[in-house]
Amino acid sequence: MPKSSARGLTPIQEQYYRIKGNYPDALLFFRLGDFYELFGDDAKVAAETLQIVLTAREFGKREKMPMCGVPAHAAERYLGQLLAAGHRVAICEQVSEPGHGLVERAVVRVATPGTIVDPDLLAAKEHTYVAAVVRAKKRVGLAYADVSTGEFAATEIREDAEAVLAAELGRLQPAECVLPEGATLELPAQPQTTAVSQMSYAAWHFDLQEATSTLLRVLGVATLDGFGCADLPLATRAAGGLLAYLEETQKSFLGSLDGLRTYSLDSFMGLDPATLRNLEIVRNSRTQQEEGSLLGVLDETRSAMGGRLLRQWLTQPLVDVAAIEARLETVEALTQDRVVLERLREQLGKLADVERLAHRAAQRLATPQDLARLGRSLEAAATIEELLRASTAPPIHERADRLDPAPEVAALLDAAIGAEPGEAPIKPGYSAELDELARRAQEARAFIANLEAKERHATGIKNLRVGHNKVYGYYLEVSKGALDSVPERYMRKQTLTTGERYSTTELQDAESLILNAEEELSALEQRIFEGIVESVAAEERRLRALAQGLAALDVLAAFARAAARRNYARPVVDEGDCIEISEGRHPVVEAALEGAPFIPNDARLDAEQQIVVLTGPNMAGKSTYLRQVALTVLMAQVGSFVAARSARVGIVDRIFTRVGAQDEIAAGASTFMVEMTETSYILTHATPRSLVVFDEVGRGTSTYDGLAIARAVLEYLHNHAGLRCKTLFATHFHELAELEGTLPRVKNSRVDVLEERGNVVFLHKVAPGGADRSYGVNVAKLAGLPRPVLRRAEQVLHELEERQLRGEPAPAPRQDGAGQMPLFSGPHPALAALRDLDVDAMTPLEAISALYELKQKARE
């Protein structure tokens, strides 16, 4: 409360400052009649964000404050804009009827970026998560919830906590992250993560005892052992703190929780944010849109629930062979029965968002339209169950056992809820009492409708008419010229310049009947509807289980549809260590070609061929080849068919990618530092079951440094006893092809080109062996460099090649620093130091330090 306003406050001022004082960190939507008004600094922030007019009006006695407002009927649209900008908004409603004295007001909810429930503000096929993070020593507890569905989960990260936390937040993409007061979310620069809106919350809520108490109370249980929390103290703290935050801001969420799900990250393939970005799994890296990503290619889902689950599956591939095979069995059965597949997809397209609709009922937010959509969805679910049970294919038939279309709920909604626009919310015939009230009101309306003709006949007044307004209600209007014919039973109600308005005892009785019946009708209708919502809410867990079964079926049907449309093959997934792909294709690039042929390629990685060094010119398809191998592995472990003639995939625990060069200028990291940081991360976290993709390691620095680093990385990957991960290594350093002769598990491959009269044709075909040159000048020609530049480049290239063949030293660099010593200038003292390095015993950081020392020697 402002000091200058400490005395002489009006009641409404006192009310406003008291409420605002309880929510200092939120914008206060203060309900005044048909508007939500914002005052003071809140108004300034809102006006700028919403681009609405900021005014200064009197608020109380002799005090003007900055003010802006939004209409209550359009508030959700403005609320969405404020939430998207990262603001919290406290919704203060009038909780008593206007009359004498000050209207009572109270905050009914606090809207935050992570707690959106309005369907118009939610992305249908994406979750909106609010998360909480707790750190202790080298461990992290993470909990998250989706307020629109009731999902509530937690995990504890015990190894490499910060990097794994970054990866998991990168997967979840929470709109908001709640932290204990004083804590910050300081994630490592690499792998990169999307910025998260942070909310500080009192630290005592995250105390283990307090968090446990909150969970027990809200979940209504005596112990948390049933939720798997016994040995997860940090997960418990994060979950309890998050629940306390939601209890304070979203009370309606708490009664509809389906318990707490704890999960282990070891159950899924690890995908850090860099890999999600580089492989374009859910977003195109250029446009940040779904189109042009793996998700965009595979998303043949027909429901919002299926779309959300597909996104989750793609970011959490399985590592359990049996679970993967169960998905593949269903996909194969659906691809073999196209009639069932199309009929199934037709019914899936009739589904509304059962998961969110059921949760809205549990939150007591459901509208009659919501229940009508839920009822139609349950009818479609029953048809889907019948369709599955009729199938003779066991994988399809057995899926029916996972669907319970809740026939009692469907029957209730069919009998009770008006489904058509303009209908009463409660169907006629559902409640005899409601029907009787409606009949009485209708009879009274019919009496009034016939009254005009009846009175004209009885009085002989031909221009008599029956009218109605809000002030005087129903009346009989007679013009001045016919006043002599007005009977004595007419009671004068209003005098006009053109005549008189009257009422009769019968008209008053009919009007009273209509008003009383409509009031009773509305109240009874509301009570009945609330009872139906309660009945639906009581079945929320059952409906949520149905939604999950339908969503899984939708995703598997989408996989089958994609497989049929795009000629995908069922992969063989096992516990072996071999990745073997025959005629593999890049699913996203192939889809973008829109029917044009894609050149397929084989790939093999196993114990004998652990590392493939891939050479070839730019634009020849090296990066596409690397990515398509990684995507084939990912698709197989998701349970999808793959873009290949055939594929065998031994379970991969993590996919790592070092692709592209992106400066982290804001973080003070150069292209080369980003490259080295990502490389170090991979070398220290990969396992023998990992798949690693390196694209042009070492290109961010000088030729000597780059070649040395690339070779050292390859040798480390090959020789380190605890590593030996399957690796695809694309490079322009053709000298690395020599490693095939010295490292037994390194094999060379190249992307072939055809050269004709100085022009090159990219064949996009991967073949055994190394490339003999880079064709850089040819590629520059294709890029449209001016002819003088190309001619000069050819001259310089020819001179350098001639010197190399003759074994001549390179010319000394000019004093102005122009020019650069060619890579091959004869023996150099730095080479002796390089040969003496014990690469196997060095850590990645030690290797980098040694390389910097070599660089100094090379300059001497």
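The values are calculated or read from the model by the stated rules, or taken from the named source; none is laboratory data. Predicted model only: the values in this text are computed from it and were never measured. Quick reminder, even Gly has a Cβ in these numbers, built from the backbone with ideal geometry, and neighbours come from all protein chains shown. These accessible areas exclude ligands, DNA and RNA; they are computed on the full protein's heavy atoms, side chains included. Shrake-Rupley method; radii C 1.70, N 1.55, O 1.52, S 1.80 Å.
In this view, the solvent-accessible surface of residue 430, computed with a 1.4 Å probe and all protein chains in place, comes to about 90 Å². Residues whose amide H falls under 5 Å from that of residue 318, counting only those 5 or more places apart or on a different chain, are 269, 638, with hydrogens built in the peptide plane.
Solvent-accessible surface (1.4 Å probe) assigned to residue 125 amounts to roughly 60 Å².
Across the accessible surface of the chain, with the other protein chains kept in place and a 1.4 Å probe, carbon and sulfur atoms take up 50 percent.
Per-residue ellipticity at 222 nm, computed for the chain from helices alone with -39500 (n - 2.57) per DSSP H run of at least four residues, works out to -14000 deg cm²/dmol. Remark: spin-label model distance residue 497-residue 833 equals 10.7 nm, labels positioned 7 Å along the Cα→Cβ axis.
Computed with a 1.4 Å probe on the full set of protein chains, the accessible area for residue 498 sits at about 90 Å².
In terms of the mean number of neighbouring beta-carbon atoms within 10 Å, the peptides 633-642, 223-232 order highest first as 633-642, 223-232. When you count the other C-beta atoms within 10 angstrom of each residue and take the mean per peptide, 485-495, 621-631, 730-740, 588-598 line up highest first as 621-631, 730-740, 588-598, 485-495. Between residue 538 and residue 103, the simple label model (points 7 Å from Cα in the Cβ direction) yields a spacing of 3.6 nm. Taken over the alpha carbons of the stretch 348-495 as equal point scatterers, the Debye sum produces base-10 log I(q)/I(0) values at 0.09, 0.16, 0.19, 0.20 Å⁻¹ of -0.55, -0.93, -1.11, -1.17.
Once the C-beta distance of residue 44 and residue 94 is scaled by a Förster radius of 22 Å, the resulting FRET efficiency is 0.35 to the nearest 0.05. With an a/c value of 1.5 or above and a/b not larger than b/c for the gyration tensor axes a ≥ b ≥ c computed over the alpha-carbon atoms, the stretch 318-390 is described as oblate. Rounded to the nearest 10 degrees, the angle from helix 505-537 to the longest Cα principal axis of the chain is 30 degrees. Our estimate of slack between residue 583 and residue 505, defined as 0.36 nm per intervening residue step minus the Cα-Cα distance, is 19.0 nm. Between residue 471 and residue 439, residue separation times 0.36 nm minus the direct Cα-Cα distance comes to 9.0 nm. Note on exposure: 137, 44 ranked by accessible area (1.4 Å probe, complete protein assembly) read 137, 44, with the most exposed listed first. Any idea what the relative contact order of the stretch 421-507 is, in percent, if you count C-alpha pairs under 8 Å spaced at least 6 apart? So the answer I get is 19 percent. For Cα extents along the principal axes in Å, the value calculated from this model appears in (1) 130, 77, 66; (2) 122, 73, 50; (3) 157, 75, 47 under label (1). Taking 17 Å as the straight-line reach from the Cα of residue 64, the aspartates and glutamates in range (excluding those fewer than 8 positions away in the same chain) are 14, 37, 41, 42.
One decimal place: the segment residue 479-residue 515 gains 10.2 nm when fully extended, by the rule 0.36 nm per residue minus the C-alpha distance.
From most to least packed by mean Cβ count within 10 Å, the peptides 211-218, 571-578 give 211-218, 571-578. Candidate cross-link partners of residue 480 among the aspartates and glutamates, defined by an alpha-carbon separation under 12 Å and a same-chain spacing of 8 or more, comprise 500. Residues of the chain: accessible area per residue at 1.4 Å, in Å²? Here the per-residue accessible area is 47 Å². The calculated FRET efficiency for the pair residue 18 and residue 159, based on their C-beta separation and a Förster distance of 56 Å, comes to about 0.70.
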